[in-house]
Amino acid sequence: MSRVNPLYAKMLDFFTIFSKGGIVLWCFQGAGVTESFTGPVNALIRSVILQERSGKNSFTHEALSLKYKLDNEFELIFVVGFQKILTLTYVDKFIDDVQLHFRDRYKNELEQKGALKLLNSSFEFDNDFKKLLREAEEGSKTQRPSYMRTFDESVKSQKSVGSMIEKKGGDKGKEQGGKKNKNKKEGMCCWRTVKRAVCQYKSMSNCLFLICCCSKSPKPQKPREKQMRVWDMGGSSTKNLDYSERNGDTSPGGGELNQEAQTDPKGGRLGGVFGMLKGLVGSKSLTHEDMEPVLEKMRDHLIAKNVAAEIASQLCDSVAKKLEGKVMGTFTTVASTVKQALQESLVQILQPKRRVDILRDVMEAQSQRRPFVITFCGVNGVGKSTNLAKISFWLIENGFTVLIAACDTFRAGAVEQLRTHQRRLNSLHPPEQHGGRPVVQLYEKGYGKDAAGIAMEAIAYARNQAFDVVLVDTAGRMQDNTPLMTALAKLIAVNMPDLVLFVGEALVGNEAVDQLVKFNQALADHSMSDKPRLIDGIVLTKFDTIDDKVGAAISMTYITGQPIVFVGTGQTYNDLRSLNARAVVSALMKA
């Protein structure tokens, strides 16, 4: 029985092998590790595997770094975890070795389909794992460290005076591979010329002139004449065009084409049916080379549909990892397989791990006798105030009272815009129908005030007046404006709203990635909590203006991992919809 170095065993916190159905086949836990590995592994499954983010094979959870590998043929996942402060360069090769060894040893058990058969199988892999672990340790120690080259070993030390002087035509010194001087050693001529020049002219310019004259000047080349074009089917001479002695063949290349159509390179004859089946996979394992042309076309197609270029590349890499090594059935093309896998991935992305149910959350806040607070943020001109009014109408229709906090104290006319919406909403739902109380009220303190303070006062007022929901309108700001981003982070950190909605327009492409990343980064940097409040959901506006270029929905959801709560489809209060994931994917994949 092989033993593992205790110091090395402490470097790995755990190693586990489980099926995609969630059945743990085998696991290892490092010496001195008391915490269970189920938390990091479950986080990996929720955040990466289920969210189709497996393009990269690494994942960070708190203080741990996790490396994983998918085995698509047997539907297995190999995961190794270690402290992220450690730099273990051999982990990638080690996890590959464990995968190959485990597959080869338990191939018969893994080929049996069904969870019950896997549960009944015994996987005694401890000794093999320890042996591979020891080999990985020894291999990492035998790797030779790289040292800095000395000056004599560098290319610069090989240069001479002659090699640094430009000749006519732009070449430096003697051309590589050219003929050396047969009578003199290399550089001798230049050195003698330098001595002679210094004695005769006392001038470096003359010295350079004599050095150039020392070597033979290149002969001027004759101007190249225009070459006659040779057509592919035309032949290079008149003899090739003479078909009179070729058994009546009257078409150029006809005999050769017919022969190629009937005979393969190995000498066997191919029928017409086999030529039609050339593009079919036919019960073989997919490789990355098989999928690369199809993935390249899919990537370009997604970018044309307004998906951010970085997100499109990551999606295609994730699909490649998901399909690589998977055995395909007969009469299944690579293109159809990749397209189906990409469609499934896109639907999974648009149905994130967290579902936002505002009505349920508002009723829960009612039971606690406090208002439910929603904060809207986003860049300039995307429609925050308009969609805030739409959501107010939707809440009123469901029987809730709303207080709008006018925290956009920067843009001229922002308070007046909200007051107009309040007046129109109250005209649609008169106070007489609600016991004489307006269903919508506006809390404002004018312009130039602190937005975080106004939001705090509005929440306190809503609690005293028994409002069900507080909608906080904030000023539009570009993601590069540091002072305004700091003010937004302060507003959210001080008031701790129940829901932070990012309002973005469906017209953006690559800009969506930059906006969401920097908004989240600003909220994290200026938060006073260990677990900062980030964006909880997305409101996608102007969705009725983009036809089938719906890629912004994919980009925003992929970046944040949060759902699209509402979609704005027009200019009236009724133009607010929930996102239909399959309809969006269908429009995205349409040619």
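The values are calculated or read from the model by the stated rules, or taken from the named source; none is laboratory data. Because the structure is a prediction, the values reported are computed rather than measured. Don't worry about glycine lacking a Cβ; one is built from the backbone with ideal geometry, like all the others, and counts go over all protein chains shown. SASA here: full protein model, heavy atoms, side chains in, ligands and nucleic acids out. Shrake-Rupley method; radii C 1.70, N 1.55, O 1.52, S 1.80 Å.
Points worth noting:
- Residue that is most open to solvent (accessible area, probe 1.4 Å), among those in region 70-119 that are farther than 17 Å from residue 28 by Cα and assigned to a strand (DSSP E or B): 70
- Residue match in region 411-418 (condition: open to solvent by 60 Å² or more (accessible area, probe 1.4 Å), in a loop (DSSP other than H, G, I, E, B) and closer than 25 Å to residue 522 by Cβ): yes
- When every residue of region 420-427 is checked against the conditions, none turns out to be outside any helix (DSSP H, G or I), within 26 Å of residue 504 (Cα to Cα) and touching a residue at least 60 places away in the same chain (Cβ under 8 Å).
Condition check ((1) out of contact with any helix residue (DSSP H, G or I) (no Cβ under 9 Å at 6 or more places or on another chain); (2) outside the structural domain of residue 499 (by the TED database); (3) at pLDDT 90 or above) across all residues:
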{"site": "432", "(1), (2), (3)": "yes, no, no"}
{"site": "435", "(1), (2), (3)": "yes, no, no"}
{"site": "439", "(1), (2), (3)": "no, no, yes"}
{"site": "442", "(1), (2), (3)": "no, no, yes"}
{"site": "451", "(1), (2), (3)": "no, no, yes"}
{"site": "461", "(1), (2), (3)": "yes, no, yes"}
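- Flag for residue 48 being within 25 Å of residue 295 (Cβ to Cβ), open to solvent by less than 50 Å² (accessible area, probe 1.4 Å), of a type in the set (Val, Ile, Thr) and free of Cβ contacts under 8 Å to residues at least 60 places away in the same chain: yes
- So residue 493, is it of a type in the set (Gly, Ala, Ser), farther than 17 Å from residue 350 by Cβ and open to solvent by 30 Å² or more (accessible area, probe 1.4 Å): no
- Filter result (within 17 Å of residue 414 (Cα to Cα) and touching a strand residue (DSSP E or B) at 6+ places or on another chain (Cβ under 7 Å)) within region 447-465: 454, 455, 458
- Scanning region 16-55 for residues that are part of a loop (DSSP other than H, G, I, E, B) and hydrophobic (A, V, I, L, M, F, W, C) gives 23, 31, 33, 37, 50.
- So residue 19, is it in the same structural domain as residue 136 (by the TED database), among the small types (Gly, Ala, Ser) and exposed (fewer than 15 other Cβ atoms within 10 Å of the Cβ): no
- No other residue among 116, 76 is assigned by the TED database to the domain that holds residue 48 and modelled with pLDDT of 85 or more apart from 76.
- No other residue among 391, 404 is under 37 Å from the mean Cα position of the chain (by Cα) and modelled with pLDDT of 95 or more apart from 391.
- Verdict on residue 436 being out of contact with any Phe, Trp or Tyr (no Cβ under 7 Å at 6 or more places or on another chain), among the small types (Gly, Ala, Ser) and over 15 Å from residue 501 (Cα atoms): yes
- Pairing each residue of region 466-481 that is farther than 16 Å from residue 454 by Cα and of a type in the set (Phe, Trp, Tyr) with any residue that is open to solvent by 20 Å² or more (accessible area, probe 1.4 Å) and in a loop (DSSP other than H, G, I, E, B), provided the two are 6+ apart or on different chains, yields C-beta distances under 8 Å for 467/401.
- For region 400-408, the condition holds for no residue, the condition being that it is in contact with an Asp or Glu (Cβ under 8 Å, 6 or more places away or on another chain), open to solvent by 70 Å² or more (accessible area, probe 1.4 Å), over 30 Å from residue 584 (Cα atoms) and assigned by the TED database to the domain that holds residue 585.
- Checked against the criteria, residue 541 does not count as more than 24 Å from residue 363 (Cα to Cα) and surrounded by fewer than 21 Cβ atoms within 10 Å (Cβ to Cβ).
- Selection within region 539-591 - closer than 12 Å to residue 305 by Cα and touching an Asp or Glu at 6+ places or on another chain (Cβ under 6 Å): 587, 590
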